[in-house]
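Presented below is the structure to which this report refers.
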Amino acid sequence: MDSDAIFLSLKLALWTLALIIPFGVWVAHSLLQLNKSKPWIEAALALPLVLPPTVLGYYLLVGLSGKSVFGIPLVFSFAGILIASLIVNLPFAIQPIQRAFEAINPDIREAAQVSGLSKWQIFRLIELPLAWRGITSAAVLTFAHTLGEFGVVLMVGGAIPGETKTVAISIYDKVQSFDTAGAGALASLLLGISLIAIAVSYGVFGKSFRHSNRGRG
């Protein structure tokens, strides 16, 4: 079992979550205020869903090549694959949160405004708690997708052990070297983690949905 690759994948997934969820909440809420430009911005944010990973990885490789932050190069480094992970996960983080904000009854916002609440108070006290299902769904999807991301991470980071070689890349390397047992073990680990994450998400939403139905009854 490649413990370095497992640790690196978990580190990448947690850093991606910590940075992209607050950004996703801000972007998803900001989209509610847009009209004419909204379809174009939504299309741009959804591009990672339809672009081949090698195409997105190529543009990131060209864009980040030769650049650095605080002396750390952005290509073939953890910083580089973190930036790649943030970009490729944009639709997974933003769309569930956006749908959750859009599902809030406009009458609730109007009642809050009439009651004298500021925009920040409406967001913090009303909209954010009502959108928690979308935020949780975005976090689960982003975490699971980051663990399994392969093409973009390989293009930007290569396969440097302990630095950019994630579990998905380690599986590829093991298959290339005919280590099918090692590849199978890592693949089973990814499958198990993804299944548990999604099952937990469904469990939380299922309980909430049942409680909601009982409340209505």
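The values are calculated or read from the model by the stated rules, or taken from the named source; none is laboratory data. Keep in mind it's a predicted model, so treat the numbers as computed, not measured. Glycine also receives a Cβ, built like all others from the backbone with ideal geometry; neighbour counts cover every protein chain displayed. SASA here: full protein model, heavy atoms, side chains in, ligands and nucleic acids out. Shrake-Rupley method; radii C 1.70, N 1.55, O 1.52, S 1.80 Å.
Structure data summary
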read-out	value
Per-selection metrics, the chain (Cα): Rg and Dmax in Å	19.9, 67
Whole-percent carbon and sulfur share, accessible surface of the chain, 1.4 Å	68
Principal semi-axes in Å for the stretch 122-199 [√(5λ), Cα gyration tensor, largest first]	34, 15, 7
Per residue accessible area in Å² of the stretch 32-186, where ligands, DNA and RNA are left out and the probe is 1.4 Å	53
Paired Rg and Dmax values of the stretch 29-132, which use every Cα atom, in angstrom	18.5, 54
Where labels lie 7 Å past Cα in the beta-carbon direction, separation of residue 68 and residue 105 in nm	5.8
